[in-house]
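Sharing a structure here in structure tokens format.
The values are calculated or read from the model by the stated rules, or taken from the named source; none is laboratory data. Treat the numbers as computed from the prediction; the structure is a model and nothing was measured. Note that we place each Cβ from the backbone using ideal geometry, even for glycine, and neighbour counts take in every protein chain shown.
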Amino acid sequence: MESIRRACRYLYYRFIRLQASPESLARGVALGLLISTTPTFGIQTFIALFLAALLRCSKICAVVAAQLTNALTAPFIFLGTYYLGAILMGRPFDQAKFERLYREFHLDQVWESGLSAFVPLWEGFRDVFVSLWVGGLIVGVILAIIGYFVVIGIDTKAHLQIVRAKQTAKRQMERLKRKNAPVYEKID
């Protein structure tokens, strides 16, 4: 348990020492969280990098936050976003339809008829795909808003701590100067 706490503390200090504005860091996290819930598994890192560069926010934060959906969490996140999207769109899961698609689709048909063999498969999974996008975007927007304000709060708190520490060090240096003690370091 101590090692987990130490790792979290390490990540916290690494985060607050990133050389970017609090706004840029918060936008990067929000962008990454939004991307992580969309059905772009496998290319979400590239999308996060591209959009972070385009929107001028922290690329590191965007890529790290986009990793919320990984091999361990993807089944739970995508299942939840699918059900949310299906409920909102009024398209419940029809198991019989998917079993029929599974029975009718054969991989050897691809060699005979080319990409047109995938058309019935796309027709069957279109509802699932659209439901994943709708649910993923809704969950992503909510997570992005929460992540944005959490990061702004953390970075503002860290910034205030750094400012207070510098002010305290400056007061101590002035006190030492008044006592005619040798001063060896300069505080910015």
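Can you tell me which residue within the range 71-89, out of those that are outside any helix (DSSP H, G or I) and at pLDDT 85 or above, is surrounded by the most Cβ atoms within 10 Å (Cβ to Cβ)? Break it down stepwise before answering.
So in the range 71-89, the residues outside any helix (DSSP H, G or I) come out as 71-73.
Within this subset, residues satisfying the condition of being at pLDDT 85 or above are 72-73.
On the way: 72: 7, 73: 12.
Among them, the one singled out is 73.
Okay, next question. When the residues of the range 126-159 are narrowed to those that are surrounded by 14 or more Cβ atoms within 10 Å (Cβ to Cβ) and modelled with pLDDT under 75, which ends up nearest to residue 88 (Cα to Cα)?
Once the filter is applied, the top-ranked residue is 155.
Just one of (1) surrounded by fewer than 13 Cβ atoms within 10 Å (Cβ to Cβ); (2) closer than 22 Å to residue 8 by Cβ; (3) at pLDDT 85 or above trips up residue 162, so point out which.
(3)
Taking residue 178 as the residue in question, decide whether it is of a type outside the set (A, V, I, L, M), farther than 28 Å from residue 65 by Cβ, surrounded by 13 or more Cβ atoms within 10 Å (Cβ to Cβ) and modelled with pLDDT of 65 or more. Full working, then the answer.
Details: of a type outside the set (A, V, I, L, M): yes; farther than 28 Å from residue 65 by Cβ: yes; surrounded by 13 or more Cβ atoms within 10 Å (Cβ to Cβ): no; modelled with pLDDT of 65 or more: yes.
No, not satisfied.
As an exercise: evaluate residue 17 against (1) closer than 30 Å to residue 154 by Cβ; (2) in contact with a helix residue (DSSP H, G or I) (Cβ under 6 Å, 6 or more places away or on another chain); (3) at pLDDT below 70; (4) of a type outside the set (Gly, Ala, Ser) and give the number of the one condition it does not meet.
It fails just one condition, (2).
Residues of the range 33-70 being in a helix (DSSP H, G or I), in contact (Cβ under 8 Å) with a residue 40 or more places away in the chain and within 10 Å of the chain's Cα centre (by Cα), which ones? Can you show your working first?
Keep residues of the range 33-70 that are in a helix (DSSP H, G or I), which gives 33-36, 44-55, 59-66.
Subset that is in contact (Cβ under 8 Å) with a residue 40 or more places away in the chain: 33-36, 60-61, 65.
Of everything in the range 33-70, those that are in a helix (DSSP H, G or I), in contact (Cβ under 8 Å) with a residue 40 or more places away in the chain and within 10 Å of the chain's Cα centre (by Cα) turn out to be 33, 34, 35, 36, 61, 65.
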